[in-house]
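All remarks here apply to the structure that follows.
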Amino acid sequence: MTSDRTSDSTGDSSTKIILVMGITGAGKSYLIREISGQDVGVGHGLQSFTQNIQQVICEISGHPVMILDTPGFDDTHRSDTEVLTEVADYLASLYENGFRVAGIIYLHNIREDRIRGSSYKNLQMFEKLCGQGALQNVVMLTNRWGLIDESEAIMKESELKKDYWNMYIKAGCKVDRYRDRRDLTRIFEGFLSYDTTVLEIQHEMVDQHMPLCETAAGEAVNIELARQQKEHRQKLAEIAADYDRQTQEMKAIMDEERLKLENGLQQLEVDKAMMMTEQRRAEEAAKAGMEEGLLKLAQEQQRMEEEFQTKMKEIGAEKNAVAQELAKLAAIREHQEQRMRMRNDDGGFFGFFKNMLGGTLGVLGGGAVTKLLSKLF
Ligand SMILES: Nc1nc2c(ncn2[C@@H]2O[C@H](COP(=O)(O)OP(=O)(O)OP(=O)(O)O)[C@@H](O)[C@H]2O)c(=O)[nH]1
Ligand SMILES: [Mg+2]
């Protein structure tokens, strides 16, 4: 049976409490499922699976046991502060309610190459939560032995014992291997005989009434937070510097483009002014040409008018001359008729008159009159 609240626990003071800790994906839930035979949720991907503390109540060799499945630090969904707050509050509440921890398993995947990053942080948080006094109830447990070469696994284990776990071992913590279920039964049965212990975080928060932030674990998170903040600030400063640089570059490009545009605009203004001057000149030239043409036309008209008047005068003079000729002719005719009438009286006179008139016309010499006379005679 699983539950995620201490108050829901069906355990009593004889129930042995076993805490299972370790990095996300280490195999905590898998291990608890194996030992309890209960349906404990196991992760399938890289994401953290167990989000809250899970209580699994079961029996080990006829003894009631409550196994606590804890979320690891460096959870993909929650901050270290959130995980610590959850774990610390839970452990403090457990202690306040008279429950004591009998055993703690810190699970480590033997395939993991080196302890670094989140593994190291988890280990430190584990140490702060437990404190030196509880290390005697701790088993540093490695799993997945069957998944790598035995000699390699042994070598990795001895490295851990020599380096990272050395201090804990000196303080009384044990090291064990989880190869199959029998190992788990043996380890959990071992816890049944342990004296219960009080974790450092329980002591600090319950006995010393410390706020979480002042506890060793809280300070470790704060230090980690401060480190992360510093790292974030540095990253932000780098981003800001990068942004400034890019902005400067962009500004330089934009200034250059603006200058080009302004120059282009100025050139356009100059071209436009030149075009307008040209156009004005052309218009003025066209206007001047038109005025000159009109003047010439007027002069031509004037000349033609004068020519017409002259012609009219000439025609008038010619008309007068003809009229005078006609008058003369009429007079001559009159005179001739008189002579004709006289010739009727004297036949030889007509021939004489004709000769005489021919002589007279020769004297006059008028072309028109001569023609007229030719027609008449
Ligand atoms: N072969 C093998 N696979 C394991 C073992 N322990 C865990 N796994 C696998 O590793 C994956 C993660 O196991 P979990 O038990 O969910 O890990 P966890 O520590 O509870 O992870 P969180 O809940 O995220 O903190 C699952 O796919 C498991 O099947 C093991 O001992 N042997
Ligand atoms: Mg889990």
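Computed from the coordinates by the stated procedures, all read-outs in this text should not be read as laboratory data. What you are looking at is a predicted structure, and each value in this text was computed from that prediction instead of being measured. Neighbour counts are summed over all protein chains in view; Cβ atoms, including those assigned to glycine, are modelled from backbone coordinates with ideal geometry.
Can you list the lysines whose alpha carbon sits under 29 Å from that of residue 319, skipping same-chain ones fewer than 8 residues off?
List returned: 311, 328, 354, 371, 375.
So how strong a dipole does region 96-219 carry about its Cα centre when Lys and Arg Cβ are +1 and Asp and Glu Cβ are -1, to the nearest 20 debye?
Rounded to the nearest 20 debye, it is 400 debye.
On full extension of the chain, what length is gained from residue 159 through residue 342, given 0.36 nm per residue of separation minus the C-alpha to C-alpha distance?
47.5 nm
Which order do the peptides 94-101, 324-331 come out in when sorted by mean C-beta neighbours inside 10 angstrom, highest first?
Answer by packing, highest mean first, reads 94-101, 324-331.
Between region 220-294 and region 156-172, what's the alpha-carbon centroid distance in Å?
Measuring centre to centre over Cα atoms gives 67 Å.
Enter the Cα centre distance for the pair region 55-89 and region 188-213, rounded to the nearest angstrom.
14 Å
Taking the alpha-carbon distance from residue 16 and a cut-off under 12 Å, which aspartates and glutamates remain once sequence neighbours fewer than 8 residues away in the same chain are dropped?
Output for residue 16: 59, 189, 195.
Tell me, what is the FRET efficiency for residue 193 and residue 170 to the nearest 0.05, using R0 = 22 angstrom and their Cβ-Cβ distance as r?
Using R0 = 22 Å, I get an efficiency of 0.50.
Given axes a ≥ b ≥ c from the Cα gyration tensor, I'd like to know whether region 2-212 is rounded (a/c under 1.5), prolate (a/b larger than b/c) or oblate.
Judged from the Cα gyration tensor, region 2-212 comes out rounded (a/c under 1.5).
Considering every pair of different Cα atoms, what Kirkwood radius, in Å, is found for region 65-135?
Every distinct Cα pair counted, the radius reaches 13.5 Å.
Order 184-191, 159-166 from most to least packed using the mean count of other Cβ atoms within 10 Å.
Those peptides, ordered most packed to least, come out 184-191, 159-166.
With each label point set 7 Å from Cα along the Cα-Cβ vector, what nm distance links residue 278 and residue 239?
5.7 nm
Place a point 7 Å from Cα of residue 38 in the direction of its Cβ. Which residues in region 66-109 have their backbone N less than 11 Å from it?
66-69
Suppose a student asked you for the relative contact order of region 46-147, using Cα pairs under 8 Å spaced at least 6 residues apart; what percent would you report?
24 percent
Could I have the simple spin-label model distance between residue 246 and residue 328, label points 7 Å from Cα toward Cβ, reported in nm to one decimal?
Using points 7 Å along Cα→Cβ, the separation is 12.0 nm.
Work out, step by step, the length gained on full extension between residue 226 and residue 262: first 0.36 nm times the residue separation, then minus their alpha carbon distance; give nm to one decimal.
Length gained between residue 226 and residue 262: 7.8 nm.
Kindly rank 244-250, 76-82 from highest to lowest mean number of other beta carbons found within 10 Å of each residue.
Packing order, densest peptide first, comes out as 76-82, 244-250.
State which entries of 162/230; 128/174; 128/235 exceed 21 angstrom in Cα-Cα distance in the structure shown.
162/230; 128/235
Full extension from residue 177 to residue 59: what is 0.36 nm times the residue separation minus their Cα-Cα distance, to one decimal in nm?
40.3 nm
Evaluate E = 1/(1 + (r/R0)^6) for residue 294 and residue 271, where r is the Cβ-Cβ distance and R0 equals 41 Å; express this FRET efficiency to the nearest 0.05.
Between residue 294 and residue 271 the formula returns 0.75.
What is the calculated FRET efficiency for residue 136 to residue 185, with r their C-beta to C-beta distance and R₀ = 25 Å, to the nearest 0.05?
Step by step, r from the Cβ atoms, then E = 0.75.
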